[in-house]
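Report on the structure given below.
The values are calculated or read from the model by the stated rules, or taken from the named source; none is laboratory data. The shown structure was predicted, so the numbers you read here are calculated from the model rather than taken from an experiment. Glycine gets a Cβ as well: all are built from the backbone with ideal geometry, and neighbour counts include every protein chain shown.
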Amino acid sequence: MKLLFRQRFFSWFDSYDIYNENGSVLFTVEGKLSWGHCLHILDASGVHIGTVQEKVITFIPQFELYAYGDYLGCIRKELSLFSQQFTIECSDWTVKGDFMGWDYSITSPSQGLVAVISKSLMQLTDTYVIDVPDPANALCSLMVVLAIDAEKCKG
């Protein structure tokens, strides 16, 4: 399953549309006014299904993940010199990115390859392609990408 993650060009807060391979909207992401990033994920019918909330007073960037009202855990950036790395406390997933931080892979000892994320550089807005072999991992993979993109936007 491929997801195309595209930031809306004109928006006051972070807002994104996530499409499937056929161009149909699967998810909509709306940024909310708060301290730090707060991103609400809506399904295609407009029902709130997830939240990515930045923890504000931390030394290392951290984002709390919620799905269907339940707290899943926290994703945090790891200090690394030559690559971008994140840990996710709610699963056995490992996130590793390239030196520039544009392309990522999510792997798991129990599931193998969970997702491959690549950023399109020649776009006016942030655009990612998320390749998720198992559709059951689509929402959590999307939350990981949202957290990484929010962390990168902080500069």
Determine whether region 96-107 contains at least one residue that is modelled with pLDDT under 90, basic (K, R), farther than 14 Å from C140 by Cα and in contact with a Ser or Thr (Cβ under 7 Å, 6 or more places away or on another chain). yes
For residues that are outside any strand (DSSP E or B), small (G, A, S) and surrounded by 10 or more Cβ atoms within 10 Å (Cβ to Cβ), scanning just region 6-59, find the one that is modelled with the highest pLDDT. A44
Being in contact (Cβ under 8 Å) with a residue 12 or more places away in the chain and surrounded by fewer than 19 Cβ atoms within 10 Å (Cβ to Cβ) is the filter; apply it to region 65-75 and report the residue that is farthest from the chain's Cα centre (by Cα). Y68
Count - residues of region 15-58 that are free of Cβ contacts under 8 Å to residues at least 24 places away in the same chain and either farther than 17 Å from C140 by Cα or β-branched (V, I, T) (or both): 21
Count of region 74-94 residues which are at pLDDT below 90 and under 24 Å from L42 (Cα atoms): 6
